[in-house]
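Worksheet: one structure, shown below.
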């Protein structure tokens, strides 16, 4: 599988091109549409966080085989504030729900987010994926209607 690599400046406007390039790569490597959507959303969230909170150059790398995708988002720059946290229902919660594994390494001048998405297309029925974002997030439209959202 051909690896993926993209580097972008700290500019949120560049995320659109990143999503498109990453989606094209995922299509080439045979990811299902659910897997593609999950990866693109998780990587977008990690890259956006890096741009917003560390204000440094962001690098995205991806590689995989028939069983999994490994993805790394790293940035240069010092994190503004206390650093990444799990408070609230935010980006880290979303990334954890979408990926099989998520690890975050914070250093003084660099933050690295490592993600893994496990899949085994040969063992799954056609059209099914191990990652279905709505089911992993347990989204319930009725619950939001009940509390007025």
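The values are calculated or read from the model by the stated rules, or taken from the named source; none is laboratory data. The shown structure was predicted, so the numbers you read here are calculated from the model rather than taken from an experiment. Cβ: placed from backbone, ideal geometry, glycine included. Neighbour counts: every protein chain shown.
Worth a mention:
- In the stretch 72-81 there is at least one residue matching the filter, namely being under 21 Å from residue 8 (Cα atoms), surrounded by 10 or more Cβ atoms within 10 Å (Cβ to Cβ) and at pLDDT below 70.
- Residue 22 in a helix (DSSP H, G or I), modelled with pLDDT of 95 or more, under 26 Å from residue 119 (Cβ atoms) and in contact with a strand residue (DSSP E or B) (Cβ under 9 Å, 6 or more places away or on another chain): yes
- Taking the stretch 25-40 as the range and being touching a strand residue (DSSP E or B) at 6+ places or on another chain (Cβ under 9 Å) and outside any helix (DSSP H, G or I) as the test, the residues that pass are 29, 31.
- Any chance residue 69 is without any contact (Cβ under 8 Å) to a residue 60 or more places away in the chain and assigned to a helix (DSSP H, G or I): no
- Being part of a loop (DSSP other than H, G, I, E, B) and modelled with pLDDT of 85 or more is a condition met by at least one residue of the stretch 90-102.
- Single condition residue 62 does not satisfy, out of (1) surrounded by 19 or more Cβ atoms within 10 Å (Cβ to Cβ); (2) assigned to a helix (DSSP H, G or I): (2)
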